[in-house]
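Shown next, in structure tokens, is the structure this report addresses.
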């Protein structure tokens, strides 16, 4: 109970601070220019494709010559290559300035600090769906439905159909009247990493598709090791809980997407099965470093993680094989073992959001998003980032990339089976509570009692936060 009240109080106090800040007077400008500052010189009236629309919600708005600041989470070489990619954007004289903030947590902190200080965040920001809900407590974001469906500036029916449905719909918030608060530039997926060479040595042909097959293979590897390792490295975070629930035919949200149902039969079955794996020595916890090194060293035949980790697994498998003087094991990635006829994959990733600034800036930011998510540009972003594209048509422009990156191609084939985690404003705190519940279950806590408590506290938090909106 102490834990529950603590994270409730922390998040609620943050909401109160942000809402109070909306009424505070703007502070004096800092020495540097505001993040979303428009160009000093007035741009000439646009003509042709960039001429203002004559109908719709964006009629009369001229995006020409605007400067859009983008706060994103990409660093290092990826940030440098992204900046070079943005130089290709040449539409209506719009300039997009890339500003790396280090990570989603840093972006969240910077946006919250800007709002609390009465200052304007960047015109374009990256973040998760629960971040969108939090920002929209202060009506800070543009409803992208107005842009997507605009007769001049919107997407065609063919463009809409080209996006993977689960990605396209993830930014739509039932708790905010169906507003679309984010747009998907890329995605990652929860995967099972498997050692094909070791599976064959144990007499198996390939990776499992069902939980029973998975258990049989993991237990065989654990028995071969005989030291408490060898099987499956357990993941205790909320994304893993969601992934297993989906794989067992359920969801952690109700059908309307407005409240949590962690205590559904699917989560009970998944937790019971994982607890059995753990008790029988076929699954184990590994907390020192990253699981890819243990997987590469043949201390686990299965690991679970994001598809964005594929390059790191590849490097570690090659490095450890060289250190041990042997050929690298063959390995791959597969769907989370499932009880459903088809896989149900937990797909996630940050969206881009348009902050409410001026109509001209908002429209300019949208035109950039449209460009950045075209199949041709998405293919270039795939090569830079290793992320999955959000449009099926991107594959046409990837050339030999899929054949040269076998594991990435295996994961790509599973994108049509994607489902997604909650967009609810309370999910950040609920994630921590889900991790605690998972660990309590693995240590012997009653499953039904534990997830009933998790469901109740998560929904209580959600109701209290949404009461602030109402």
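Read-outs throughout are calculated quantities, based only on the coordinates presented, and are distinct from any laboratory measurement. Treat the numbers as computed from the prediction; the structure is a model and nothing was measured. Every residue, glycine among them, receives a Cβ derived from its backbone with ideal geometry; neighbour counts consider all protein chains shown.
Whole Å is fine, so just give me how far the alpha carbon centre of the stretch 428-470 lies from that of the stretch 171-191.
The distance from the Cα centre of the stretch 428-470 to that of the stretch 171-191 comes to 22 Å.
Taking the alpha carbon gyration tensor of the stretch 229-284, what are the square roots of 5 times its eigenvalues, largest first, to the nearest whole Å? Can you show the working numbers first?
Working: eigenvalues 119, 22, 11 Å².
They are 24, 10, 7 Å, listed from largest to smallest.
I'd like the orientation of helix 375-385 relative to the chain: the angle between its Cα long axis and the longest Cα principal axis, in ° from 0 to 90, rounded to 10.
Tilt relative to the chain: about 60 degrees.
In nm, to one decimal, how far is the residue 448 label point from the residue 99 one, both placed 7 Å along Cα→Cβ?
Label at residue 448, label at residue 99, 5.4 nm between them.
Ranking request for peptides 403-412, 125-134: highest mean number of other beta-carbon atoms within 10 Å first, then the rest in descending order.
Numbers: 403-412: 16.7, 125-134: 25.1.
Ranking, from highest mean packing down: 125-134, 403-412.
With a ≥ b ≥ c the root eigenvalues of the C-alpha gyration tensor of the stretch 183-233, is it rounded (a/c under 1.5), prolate (a/b larger than b/c) or oblate? Each step should come with its number before you reach the end.
Values: a/c = 2.63, a/b = 2.13, b/c = 1.23.
Prolate, since a/c reaches 1.5 and a/b exceeds b/c.
Compute the semi-axes of the equivalent ellipsoid of the stretch 42-146, taking the square root of 5 times each eigenvalue of the Cα gyration tensor, and list them largest first in whole Å.
Output for the stretch 42-146: semi-axes of 27, 20, 12 Å.
Across the Cα atoms of the stretch 307-372, what radius of gyration and what greatest pairwise Cα-Cα distance (Dmax) are found, in Å?
Reported Rg and Dmax, both Å: 21.2, 62.
Could you state the number of Å between the C-alpha centres of the stretch 352-376 and the stretch 71-124?
So the separation of the two Cα centres works out to 12 Å.
What's the extension gain from residue 200 to residue 265 if we count 0.36 nm per residue and subtract their Cα-Cα distance?
Working: separation 65, 0.36 × 65 = 23.40 nm, distance 3.43 nm.
My answer for the length gained is 20.0 nm.
To check you understand DSSP bridge types, tell me what percent of the beta bridges within the chain (both residues inside) are antiparallel, rounded to 5.
Details: 22 of 37 bridges.
About 60 percent, rounded to the nearest 5.
Over every pair of different alpha-carbon atoms in the chain, take the mean of 1/r and invert it; report that Kirkwood radius in Å. Numbers along the way, then the final one.
On the way: mean 1/r = 0.0419 Å⁻¹.
Computed over the chain, the radius equals 23.9 Å.
Nearest 10 degrees is fine. How inclined is helix 447-469 to the longest principal axis of the chain, computing both from alpha carbons?
0 degrees
If the viscosity is 1.567 mPa s and the temperature 4 °C, what Stokes-Einstein diffusion coefficient in µm²/s follows for the stretch 106-204 when Rh is the Kirkwood radius over Cα pairs? Don't skip to the end; give the middle numbers.
On the way: Rh = 16.4 Å.
For the chosen part, D equals 79 µm²/s.
Pairing the Cα long axis of helix 2-22 with the longest principal axis of the chain, what angle in degrees results, from 0 to 90 and rounded to the nearest 10?
Here the helix axis deviates by roughly 10 degrees.
Per DSSP H run of at least 4 residues, take -39500 (n - 2.57); add these up for the chain, divide by its residues and hand me the 222 nm value, nearest 500 deg cm²/dmol.
Details: 19 runs with 209 residues, N = 470.
So the helix-based figure for the chain works out to -13500 deg cm²/dmol.
Between the stretch 195-226 and the stretch 298-321, what's the alpha-carbon centroid distance in Å?
About 17 Å separates the Cα centre of the stretch 195-226 from the one of the stretch 298-321.
Over all directions, how big on average is the projection of the convex hull of the alpha-carbon atoms in the stretch 354-470, in square nanometres?
11.5 nm²
Could you tell me which of rounded, prolate or oblate describes the stretch 281-404, using a ≥ b ≥ c as the square roots of the eigenvalues of the alpha-carbon gyration tensor, with rounded for a/c under 1.5 and, failing that, prolate when a/b is larger than b/c and oblate otherwise?
prolate
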